[in-house]
Each structure stands twice: as structure tokens, then as C-alpha cells.
Amino acid sequence: MDEDLYIFLRDFGIQLSFTLPDGTVIDKSAKEEPLLGIFDKTYADPNLGYMRTKIDKPTLTCVEADVKEVLKNSTVAIKNITYKVLDKEDDGTGFTTIKLTNN
């Protein structure tokens, strides 16, 4: 496991705790440290005719090995908001991007 990935998360990440659909809680990294991820709540701003919309697209970036058990419909609480996992995608560098929704 590449230590540089964890250095990046220690500098910029927040502590996470996922709850899987079966109730299992994942809150430790593969290194048995607190599970960390980088939260990004970007906005898409498409135009619909004359209307402008703001659609949030929250994502988490985590070390792939730490979230391999996280499934669609798992949940994670961030800043007092519970998000549901929509999808996750490994990027080939050791990180995984997890798409979230709070709907």
C-alpha cells in the first residue's frame, strides 16, 4: 500500500464512517487508522431555457483499499448530513471516487 496516499488524506481529508446496507460500520482504514476521505460538494449549473439550476454533486475521494466493501445504498454522515452512496469508481491510481446523494 502506498504511504503517499495516506499522507495526502491526512493533510486534506475528513474522518468518515460508512454504514453498509446490512448495518455493518466501516470506520477504519486498511492500516487500522481512522478512515479518511476528501469531501467535494461541487455544483453543476445547467441552463434550462431561461432558468438556471443549481444541482449539487457531492463526492468523496478515498483510498481504494479502504472502501472496497462500500456498496451502493451505503450511507455516510458528513457535516450533520447523511448521504447515500450512488456509485463508486476506482481511478487506477489507488483512489476511489464515491458519488453521493442526500435525497
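The values are calculated or read from the model by the stated rules, or taken from the named source; none is laboratory data. These figures come from a predicted structure and were not determined experimentally. Side chains are part of the model used for accessible areas, which takes the heavy atoms of the whole protein and leaves out ligands, DNA and RNA. Shrake-Rupley method; radii C 1.70, N 1.55, O 1.52, S 1.80 Å.
Before moving on, here are some points about what is shown:
- Per-residue surface analysis assigns Asp22 an accessible area of about 120 Å², computed on protein heavy atoms at 1.4 Å probe radius.
- Largest to smallest in accessible area, the residues Phe8, Phe95 fall in the order Phe8, Phe95 (1.4 Å probe, all protein chains included).
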